[in-house]
1. Out of curiosity, is Val215 touching a Phe, Trp or Tyr at 6+ places or on another chain (Cβ under 6 Å) and either within 28 Å of Pro262 (Cβ to Cβ) or surrounded by 15 or more Cβ atoms within 10 Å (Cβ to Cβ) (or both)?
2. Pick from the stretch 146-172 the residues that are hydroxyl-bearing (Ser, Thr, Tyr) and touching a Lys or Arg at 6+ places or on another chain (Cβ under 8 Å): which of them is modelled with the highest pLDDT?
3. Does Leu428 count as in contact with a Gly (Cβ under 8 Å, 6 or more places away or on another chain) and either touching a residue at least 24 places away in the same chain (Cβ under 8 Å) or within 25 Å of Trp509 (Cβ to Cβ) (or both)?
4. Condition first: closer than 13 Å to Met132 by Cβ and open to solvent by 10 Å² or more (accessible area, probe 1.4 Å). Now tell me which residues in the stretch 156-172 satisfy that.
5. From (1) more than 22 Å from Leu253 (Cβ to Cβ); (2) in contact (Cβ under 8 Å) with a residue 24 or more places away in the chain; (3) in a helix (DSSP H, G or I), pick out the condition that doesn't hold for Asn151.
6. Checking the conditions here, which among Val421, Val361, Val407 is touching a Phe, Trp or Tyr at 6+ places or on another chain (Cβ under 9 Å) and in a helix (DSSP H, G or I)?
7. Using the structure shown, decide if Glu175 is touching a strand residue (DSSP E or B) at 6+ places or on another chain (Cβ under 7 Å), of a type in the set (Asp, Glu) and either open to solvent by less than 40 Å² (accessible area, probe 1.4 Å) or at negative phi (or both).
8. Give the residue, chosen from Glu396, Glu324, Glu348, Glu386, that is without any contact (Cβ under 8 Å) to a residue 24 or more places away in the chain and over 25 Å from the mean Cα position of the chain (by Cα).
Amino acid sequence: MAEIRLATVEQGRTKIRNVPIAVTPEGFWCCPSPVVFQKTHKAKNPLNKPKSSSPPPKTTVQKKETTPLIEKKTTSTPLRLGVASDGQRNLRSDTSGMSAPNVVPERTSRHKIENPPRKVAIEFGEPGTSNMKVVLQGKQGFCVKLSVHKNVLVDNSSFFADKLLEEQSGLSCLEIDDCEDIEIYVETVGLMYCKDMKQRLIKQSVSRVLRILKVAELLGFSLCIKSCLEYLEAVPWVGEEEEEKVVSSVLRLQGEGIGVTPVLKRVSSDVSNPPKDTLSHIMDLVLKSNEERGRREMKTIVLKLLRENNSVPNYAGSADICNETIYASCRSCFNSLLSLFRQATEPEFADKSMDIKDPVVKQISLEADNLSWLLEILADRQAADEFALSWASQQELAALHTKMPIVSRYHVSCITARVFVGIGRGELLPPKEARQMLLQTWLQPLINDYSWLQHGCRSFDRKVVEEGIGRTILTLPLEDQQSILLSWLGSFLKAGDNCPNLQRAFEVWWRRTFIRPYVDAQGNLEQSDNSMASKE
């Protein structure tokens, strides 16, 4: 809370300049900032013109500014606005529940019109009935003097109640220094005079209500805090930035024992440990969808959201739960794919009608696409090593793969290609035994389907895949490299472009086998000669 100073108001000591009082779009009377005052002066506000000796008629400009806004908020409770001139004339109009400010002007000369005003006087309640002053000292010397009623402050604000209880009952003025948000402070005090606070807040913006909530918290204005929370619970929050502001403001109140649960329920759940079940349900919905466009778009969205989760530090604690859910989906897809391969390789399957065969072939393509998507998620989360081991272990699936028509099976080879790319990029780090098994089990089926992969898969990148295969081979012991590359050489010399081009890996293996041992021997010989020469 800002610094409080006790003082007495002496008649005639404080000079108040003539300033415009702005009406906000929501219907509140408030005091604008000095910058707004300057703009208002430049707009030739009639209140700034020199006064004649006789009271002038009502200003038409002020009428046009105030009347439409006041009519919108008209209720049975009167609001009185008085702008006191030399003749102390009063303008009266009606609005709901909150007394308007009285601005007391002082004559100003023409050459001082451009100087921004420094002080404003505002009166709440029935004119002339206030028994206390609250002086708000803002930035750049700006000052607002509020004429208020002690009983209203005491009934609504624990802060003012405590201050008045500590001091003498005859206290006539409180001065608050370094007030950060004078406009909202005045508005919050005005809300103490409102009969229907919800109507006052209903057309406010979220950011403005958060400012009111902050001042209400400082003043201990519990009724206003409750109304602000009810507003925030019901109004939509636009954008992540606004949501974060609301949540942070509400969480600050939570530690003070204020009931903020209804607002926070929008961003948190009381259900114990829901993420695993919810994520599993989402995965099932996406993986089992047969609508191509919706499935494709939702896969992209889920992948993007999971990537965002990876970037949040406090998400690391639930990473294991997420990985378990994804691997459970992988196992389900493995089992489904194997079952479909068994069904499609039965002798009588070839004799069945296309109405029976087509759904099986389509489902094989769907399950292969699902596994490729799950592998992409796991690789992005740096948790795909187990997937590589599981895929290398699918010997039965690989054996059935050779018995399937190529048009029905080539989608499965996309999974193999993605595993090799992941190992080549260092995204997957399976153990040596898993890499050996992977090449022994799936490299030849990949070579057999290579022509179809190039023409049938839009996402297939030949150079990337060939680099991944070659790098995977080169991670093995030299003897295994030789065995695999010699086998590949026989296929490449027969199939040409319909076989992966692993020449770069072949060159590396060649140098390791035939050149580097000679270089190492020469190095050892030179080192031996140098040693003997040094001894002599």
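1. Yes.
2. Ser147
3. yes
4. Correct list: Ala161, Lys163, Leu164, Glu167, Gln168, Ser169, Gly170, Leu171, Ser172.
5. Of everything listed in (1) more than 22 Å from Leu253 (Cβ to Cβ); (2) in contact (Cβ under 8 Å) with a residue 24 or more places away in the chain; (3) in a helix (DSSP H, G or I), Asn151 misses just condition (2).
6. Val407
7. Yes: the conditions hold for Glu175.
8. Residue meeting the stated conditions: Glu348.
The values are calculated or read from the model by the stated rules, or taken from the named source; none is laboratory data. Since the structure is predicted, the reported quantities are computational estimates derived from the model, not experimental observations. Glycine gets a Cβ as well: all are built from the backbone with ideal geometry, and neighbour counts include every protein chain shown. The area values use the complete protein model at the heavy-atom level, side chains included, leaving out ligands, DNA and RNA. Shrake-Rupley method; radii C 1.70, N 1.55, O 1.52, S 1.80 Å.
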